[in-house]
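First up is the structure itself, then whatever we jot down about it.
The values are calculated or read from the model by the stated rules, or taken from the named source; none is laboratory data. Keep in mind it's a predicted model, so treat the numbers as computed, not measured. A quick note on method: Cβ atoms are made from the backbone with ideal geometry, for glycine too, and the neighbour counts reach across all protein chains shown. Surface accessibility is based on the protein's heavy atoms, side chains included, excluding ligands, DNA and RNA. Shrake-Rupley method; radii C 1.70, N 1.55, O 1.52, S 1.80 Å.
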Amino acid sequence: MPLPTPYLAAKTLTVVKPIDTAGAPRIVNLGLNESWLGPAPGAAEAIREAAGRVHRYNDPGCTAMRAAIGRQFGRDPARIVCGNGSEELLDAIGRVYARAGDEILFPACSFLQFSIVAYRIGAKAVEAPLAANFGVDVDALLAAVTPATRIVFVATPNNPTGVNVPSADLARLSKELPSHIVLVIDSAYAEYVDPAEGEAALALADRHANVVVTRTFSKAYGLAAARAGWAYAQAEMIAALNNVRGIGNVNGLAQAAATVAVGHPDFAARVRKETARERDHLERGLVALGFECAPSSANFVFARLVGAPEGWAQQVVRRLAKKGFIIRSNEDYRLPDWLRITVAARADLDEFLALMAAEVGSNEGRSATAG
Ligand SMILES: Cc1ncc(COP(=O)(O)O)c(C=O)c1O
């Protein structure tokens with residue numbers, strides 16, 4: 001008997017890769033770009049308090065959460081839509097503004113989710129070439145626009161490279177991109193750069209009716225498991241996104257946590273400062289071992305061992321996982337030599353660097369023997 005035929009193949013791209021940590025004494029996950037500094041003050045308490053009301057439906061309009069975000073960022077809550085993580089909103093934008101056969105454009109080495117959005121709706125994912133050092137090339141993006149382009153995604157800072165897109169470049173892209181094409185500025189890591197950059201992105205959405213900015217509580221605010229994100233755009237786009245999101249998409253516990261968290265920009269500022277300090281430490285340690293690092297502005301480092309033999313990065317990921325240290329390899333980004341390592345507490349980073357030093361040492365030993 002024939003089985004139902006899915007339109008989408010069962011195996012596809014995934015942002016989260018399975019990894020075997022069997023036998024590890026403890027797990028230090030440096031593979032998901034989570035914050036080691038924990039949730040924003042009061043967020044966990046808000047979840048506990050909301051748990052007592054869990055038999056009641058959540059507010060489908062996320063009224064308090066949108067009001068709190070609006071207050072914090074000086075924006076009209078009516079122009080905010082909340083999501084089950086910003087991931088849901090990226091997906092919703094794809095479903096609203098593109099169809100099978102359309103093109104979704106983004107810079108090469110962009111967050112994998114952009115390809116996934118295209119895949120889910122049968123659109124074509126188109127990558128524009130980058131400038132040097134993983135920089136986003138606005139001219140290359142504009143040159144890659146065709147009559148079939150419906151959406152342009154730009155993540156700033158980008159995952160997996162960590163590279164920030166200067167506000168002036170985003171302003172030029174917004175100005176020169178044809179106004180019928182949606183420009184999505186994915187600002188999931190905005191709290192890790194100067195707040196003026198996040199503000200500049202929101203201001204682009206104020207100025208251009210085709211610009212939408214997405215933000216998340218998963219990173220600097222430390223609410224990854226709650227699944228809470230938001231998008232900011234002009235009224236027409238917000239109405240369209242509200243049409244396709246799930247009715248109760250942001251659960252009540254997540255709403256309660258996000259509503260409290262967003263009122264703590266001081267916490268976000270501390271996370272930014274401490275992350276920058278530990279990122280420098282990690283980068284310095286890796287460079288001392290012979291790595292080169294992309295210029296990351298986020299809570300992770302993108303690095304490659306100069307001169308490593310083919311397949312070395314994948315082997316290291318597997319061997320470190322057996323010791324409990326999870327880092328991410330990037331063959332799915334067609335960057336198989338590059339590793340993405342999340343910034344973490346100093347002691348964990350130092351233990352990681354010691355394990356990596358041993359890996360690099362034995363690699364050199366092998367190269368010397370081979371040579
Ligand atoms: C660039 C970027 N955008 C969006 C997301 C989605 O985050 P969330 O769905 O947790 O808000 C991530 C997650 O890692 C990311 O790296």
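Things to note:
- Checking 51, 46 one by one, the residue that is crowded, with 17+ Cβ neighbours inside 10 Å and in contact (Cβ under 8 Å) with a residue 60 or more places away in the chain is 46 and no other.
- Yes/no for residue 288 being of a type outside the set (Val, Ile, Thr), more than 16 Å from the ligand (Cβ to nearest atom), surrounded by fewer than 21 Cβ atoms within 10 Å (Cβ to Cβ) and not assigned by TED's automatic domain parsing to the domain that holds residue 193: yes
- One residue from 58, 29, 84, 33 being in contact with a helix residue (DSSP H, G or I) (Cβ under 6 Å, 6 or more places away or on another chain), surrounded by 12 or more Cβ atoms within 10 Å (Cβ to Cβ) and touching a residue at least 12 places away in the same chain (Cβ under 8 Å): 58
- Tally of residues being out of contact with any Phe, Trp or Tyr (no Cβ under 6 Å at 6 or more places or on another chain), within 16 Å of the ligand (Cβ to nearest atom) and assigned to a loop (DSSP other than H, G, I, E, B) across the range 39-89: 3
- Cβ-Cβ distances below 7 Å connect the following pairs, each with a first residue in the range 105-124 that is in the same structural domain as residue 136 (by TED's automatic domain parsing) and hydroxyl-bearing (Ser, Thr, Tyr), a second residue that is within 15 Å of the ligand (Cβ to nearest atom) and part of a strand (DSSP E or B), and a separation of six or more residues or different chains: 110/153; 110/155.
- Only one of the numbered conditions (1) more than 30 Å from residue 52 (Cα to Cα); (2) open to solvent by 40 Å² or more (accessible area, probe 1.4 Å); (3) in the same structural domain as residue 73 (by TED's automatic domain parsing) is not met by residue 280, and that is (3).
- Selection count where residues are open to solvent by 60 Å² or more (accessible area, probe 1.4 Å) and not basic (Lys, Arg), scope the range 310-335: 3
- Selection from the range 118-151 of residues that are among the β-branched types (Val, Ile, Thr) and out of contact with any helix residue (DSSP H, G or I) (no Cβ under 8 Å at 6 or more places or on another chain): 126, 145, 146, 149
- Qualifying residue in the range 12-21 (condition: assigned to a loop (DSSP other than H, G, I, E, B), open to solvent by less than 60 Å² (accessible area, probe 1.4 Å) and more than 16 Å from the ligand (Cβ to nearest atom)): yes
- Cβ-Cβ under 9 Å pairs, at least 6 apart or on other chains, the range 273-285 side farther than 10 Å from residue 301 by Cβ, far side hydroxyl-bearing (Ser, Thr, Tyr): 275/35; 275/192; 276/192; 276/297
- Counting only strands (runs of 3 or more DSSP E) that sit completely within the range 91-186, those holding 3 or more residues that are within 16 Å of the ligand (Cβ to nearest atom) and either of a type outside the set (S, T, N, Q) or closer than 16 Å to residue 214 by Cβ (or both) correspond to 103-107, 149-155, 182-186.
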